[in-house]
Each structure stands twice: as structure tokens, then as C-alpha cells.
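The values are calculated or read from the model by the stated rules, or taken from the named source; none is laboratory data. Keep in mind that what you see is a predicted model, and the values were worked out from it rather than measured. Ideal geometry is used to build each Cβ from the backbone, glycine not excepted, and the neighbour counts take in all protein chains shown. Protein only, heavy atoms only, side chains kept; ligands, DNA and RNA dropped before computing areas. Shrake-Rupley method; radii C 1.70, N 1.55, O 1.52, S 1.80 Å.
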Amino acid sequence: MTEISLTGGISGHRIGAMILRYWYLLLSSWPRLLELLYWPALQVITWGFIQYYIAQNASFFARAGGTLIGAVILWDILFRGQLGFSISFLEEMWARNLGNLMMSPLKPIEFLLSLTVMSLIRLAIGIIPMTLLALIFFHFNVYSLGLPLIAFFCNLIFTSWSVGIFVSGLVLRNGLGAESIVWTLMFAIMPLACIYYPVSVLPGWLQYVAWALPPTYVFEGMRALLIENSFRTDLMLEALAINACLLAASFWAFLALLRSAKMHGSLLSSGE
């Protein structure tokens, strides 16, 4: 059987095999599937009713209807994209299988590509029902945003992969003692990404930090689109440029941490 090879000797068969492995793991446990559906649904319903209440009592929110629900949906893309990537990685750590993978013909880039595909699959399972609930209960159709939604999604998913690659490298080097960073790092970014409020509410010095994060450009762009009916192409291009730098830096960091883990024997004790 002829092996499918992509550019640079990357094997499509090996990537496909890893994706199938994670897919079967996902299907083998109904709690895994339930978790993907439960939290996004809970978030959109809770925040949807909050926005519904505020809209009845504040003319600004009545005029800018959908900004809160839209922010919740976009935040979930960012958070679930990173979590979907990292959980698939942690599956290998929990199974003490990472050392075996790293000694196999599987290349680090192939491993990371399989994790990115699984993050999209996990994200789709949770986010599609979430958007349908927003449409049914609150008449907010996120798909009506059209082409700007693609720009929002791409920038958010690129950021989530950058964070996922970096934290996976940290856990790879330091073991499961560093697992908590997988669950908490994105929440540390949350206040600076200005999800529910504009950048202008931050102190001046903190605004510089906020503008160094790609999600900030996405959420500012979403508010401009919903409130002013204006799509800020400049914001999306700036976010894309920062994301390109973050992806390159996170991949370099992952390879450096992988080399360090091999040197110190961390791969053999990755489950500890």
C-alpha cells in the first residue's frame, strides 16, 4: 500500500491514524461526548437570559442586541479550541503512551497536526448545538454574520492552537504536575481579551497588553460589526499577523521542550 506523503515528508497516513485513535477514544465514552455538549449549552442559555434581561432595561443593549451572546459563542470557540487540542494530548499522558509515540516514526509536526484536527472535531460537537440554541431561544443567528464570522473563527482557532501547543510542551517537559495550566491559562487571558467590554475600559498601560493578544482584535471587531454594522478588516489582518508569530513561537517552544524532555528522560515518566 502506497503511503500518502505531504510536503516535507509529512505522512497523511500517520496523521489519519492518530485522528482515528482520538475519534475512537471520544466515541468510546459517552461522558466525554456529554461534556462537549453540556457546558457550551449551559453557557449560552445562562448568558442569553442575562442579555435578555439587560436588553429590557438598557437602551444600549437593546440597540446592540446579540453582543453578549455573540461574545459567549466566540469565547467558547477560543476556549474549546484550546481545550480540545490539549485534552487529546493529555489522553496520551494519562495512558502513559507519549513515550511510545515519540519513539515511533510519528513526527512531532504530524502529532501536532492530528491534535489540531481533533480540536476542530471536538469544537464542532459542542459549538454547533450551542449556536442552534442561541437561534431557537434568543433569535440570535451567529451565521448571519457571514464572511466576517470566518475571519473571527480563524483568528480565534489559531490563537487556541498556539496556546494548546505551548501548554502541551510545558506538560510534556514537566509531567502531569503542570496539568493545571491546561485548564487555567486561557482564563488568565480572558480579562485582557476584552470579551464582554471594549478595550477602552482598561487602564491605559494595560491596553497595550490587551492589543498584543489576537482575541482582543476579534472581540473588538465583533462589537463594531454588531453595533456599527462595520467590518474592521484592519483588525483582522493585525490579529492574523500576531497569530502567525504566536504559532511559530509556540511550535519552536514545543520542539525545544520536547528535546529537553528527551534529554532528561521526562517522556518515560510522563504519567507522573
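Descriptive notes on the structure:
- The stretch 5-40, subset surrounded by fewer than 10 Cβ atoms within 10 Å (Cβ to Cβ) and either charged (D, E, K, R) or more than 26 Å from Leu133 (Cβ to Cβ) (or both), residue modelled with the highest pLDDT: Tyr24
- Of all the listed residues (Tyr197, Tyr217, Tyr208), the sole one being modelled with pLDDT of 90 or more and under 18 Å from Ile73 (Cα atoms) is Tyr217.
- Test: residue in the stretch 45-53 that is open to solvent by 40 Å² or more (accessible area, probe 1.4 Å), modelled with pLDDT of 65 or more and closer than 24 Å to Phe153 by Cβ: yes
- Cross-chain or 6+ apart pairs with Cβ under 6 Å, the stretch 192-206 first and in contact (Cβ under 8 Å) with a residue 40 or more places away in the chain, then open to solvent by less than 20 Å² (accessible area, probe 1.4 Å): Ala193/Pro215; Ala193/Thr216; Ile195/Ala71; Ile195/Trp75; Ile195/Phe219; Tyr196/Ala71
- Scanning the stretch 175-206 for residues that are open to solvent by 50 Å² or more (accessible area, probe 1.4 Å), out of contact with any Asp or Glu (no Cβ under 9 Å at 6 or more places or on another chain) and not hydrophobic (A, V, I, L, M, F, W, C) yields a total of 7.
- Boolean, Leu132 is open to solvent by less than 50 Å² (accessible area, probe 1.4 Å), assigned to a helix (DSSP H, G or I) and either out of contact with any Leu (no Cβ under 8 Å at 6 or more places or on another chain) or of a type outside the set (Phe, Trp, Tyr) (or both): no
- Some residue of the stretch 208-215 being outside any helix (DSSP H, G or I) and free of Cβ contacts under 8 Å to residues at least 40 places away in the same chain: yes
- All conditions in (1) modelled with pLDDT of 80 or more; (2) open to solvent by 50 Å² or more (accessible area, probe 1.4 Å); (3) not basic (Lys, Arg) hold for Asn57, with the sole exception of (1).
- Qualifying residue in the stretch 107-118 (condition: touching a strand residue (DSSP E or B) at 6+ places or on another chain (Cβ under 8 Å) and either at pLDDT 90 or above or open to solvent by 30 Å² or more (accessible area, probe 1.4 Å) (or both)): yes
- Yes/no for Leu172 being at negative phi, at pLDDT below 90 and either crowded, with 17+ Cβ neighbours inside 10 Å or among the small types (Gly, Ala, Ser) (or both): yes
- Residues in the stretch 216-228 that are surrounded by 21 or more Cβ atoms within 10 Å (Cβ to Cβ) and free of Cβ contacts under 8 Å to residues at least 40 places away in the same chain: Thr216 only.
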